[in-house]
Amino acid sequence: MTKTARPEPFFVADDRALDFLNSVANPWGTEIEWIESGQDFLEWLEKAGLVPASVIKQYRKDASQKELDSVAAQALKLREWFRGFVHKHAGRPLKSSALGELSAINRILARDNNYRQIEVGNVSKEDRTTKNAGLEWTNIRRWRSLSPDVLLLPLAEAMGDLICHAEFEHVKICEGPTCTLWFNDVSKNHTRRWCSMAVCGNRAKAAAHRAKNRSM
Ligand SMILES: [Zn+2]
């Protein structure tokens, strides 16, 4: 599929690590890959809000095509490894023994060059938990002192967030028969079944309606 024909990437998973899995999808019977090159990878990271626009701009300017393509290839390898992990563990609470499978993520995270600063936060006066005028810890990453490999960090972080904070029993794949989209079911009663009503929910409803009409 050519780039112009490609729709906007899906961000329907309620989780950035699962959205990353969904950066290749088969919603209408043809596979769509949103990360076919280094430039594609930058675009996806920017749209996902995982890397600040100013940092993306800098990489577009300073990094070579070859470097960016290489980090995109690594990202796809990480994505497909993570797909296997999610397939294996989704639907049940994650056990601590899964740690043995996570060395790839921890290796990426160990490259980080983060530091903390005290800044005035975005929390409004009413929502503050203390009376300290809204001063907060902020994590800052030294993006530019690192090679483009650093672009894997927000992905490894998103995966770590899912692993450490989400309830894996509510990580689900869409029930659409050919759909491959994952999501974190954060609905109140955990009854979410579809990637989105627009893509699969309506189609399922229409199919059920046709089946009902046929049987009448
Ligand atoms: Zn679906």
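Restricting region 185-195 to residues that are crowded, with 17+ Cβ neighbours inside 10 Å and more than 19 Å from ARG92 (Cβ to Cβ), which is nearest to the ligand (Cβ to nearest atom)?
CYS195
Does any residue in region 193-210 that is within 16 Å of TRP182 (Cβ to Cβ) come within less than 6 Å, Cβ to Cβ, of a residue that is near the ligand (Cβ under 10 Å from one of its atoms) and assigned to a helix (DSSP H, G or I) six or more places away or on a different chain, and which pairs are these?
TRP194/CYS200; TRP194/GLY201
With respect to VAL199, determine if the residue is part of a loop (DSSP other than H, G, I, E, B) and either aliphatic (A, V, I, L, M) or over 18 Å from ILE32 (Cβ atoms) (or both). Explain how you work it out, then say what you get.
Working: part of a loop (DSSP other than H, G, I, E, B): no; either aliphatic (A, V, I, L, M) or over 18 Å from ILE32 (Cβ atoms) (or both): yes.
In short, no.
So for region 56-73 (the condition being closer than 22 Å to ILE173 by Cα and modelled with pLDDT of 95 or more), does at least one residue qualify? So that I can check it myself, show each step before the final result.
Filtering region 56-73 down to residues closer than 22 Å to ILE173 by Cα leaves none.
There is no residue in region 56-73 that is closer than 22 Å to ILE173 by Cα and modelled with pLDDT of 95 or more.
Give region 88-100 a look and list any residue that's more than 19 Å from the chain's Cα centre (by Cα), free of Cβ contacts under 8 Å to residues at least 40 places away in the same chain and under 18 Å from GLU169 (Cα atoms), or say none.
Listed by number, the residues that qualify are LYS95, SER96, SER97, LEU99.
Given the criterion away from the ligand (no atom under 16 Å from the Cβ) and either of a type in the set (A, V, I, L, M) or at pLDDT 90 or above (or both), identify the matching residue among ALA133, ALA204.
Residue meeting the stated conditions: ALA133.
Within region 176-210, which residues are within 18 Å of VAL24 (Cβ to Cβ) and in contact with a Gly (Cβ under 8 Å, 6 or more places away or on another chain)?
THR178, CYS195, VAL199, CYS200
Does region 1-21 hold any residues that are modelled with pLDDT of 95 or more, outside any loop (DSSP other than H, G, I, E, B) and either hydrophobic (A, V, I, L, M, F, W, C) or over 13 Å from the mean Cα position of the chain (by Cα) (or both), and which are they?
The answer is ALA17, LEU18, PHE20, LEU21.
Restricting region 22-31 to residues that are within 13 Å of the ligand (Cβ to nearest atom) and closer than 17 Å to ALA75 by Cβ, which is modelled with the lowest pLDDT?
It comes out as ALA25.
I'd like the full set of residues that are part of a loop (DSSP other than H, G, I, E, B) and surrounded by fewer than 18 Cβ atoms within 10 Å (Cβ to Cβ), limited to region 160-184.
Restricting attention to region 160-184, the residues satisfying the condition of being part of a loop (DSSP other than H, G, I, E, B) are 166-167, 174-181.
Answer for region 160-184, where residues must be part of a loop (DSSP other than H, G, I, E, B) and surrounded by fewer than 18 Cβ atoms within 10 Å (Cβ to Cβ): GLU167, GLU175, PRO177, THR178, THR180.
The values are calculated or read from the model by the stated rules, or taken from the named source; none is laboratory data. Please read these numbers as outputs of a predicted model, since none were measured by experiment. Counting neighbours? That spans all protein chains shown, and the Cβs are built from the backbone with ideal geometry, glycine included.
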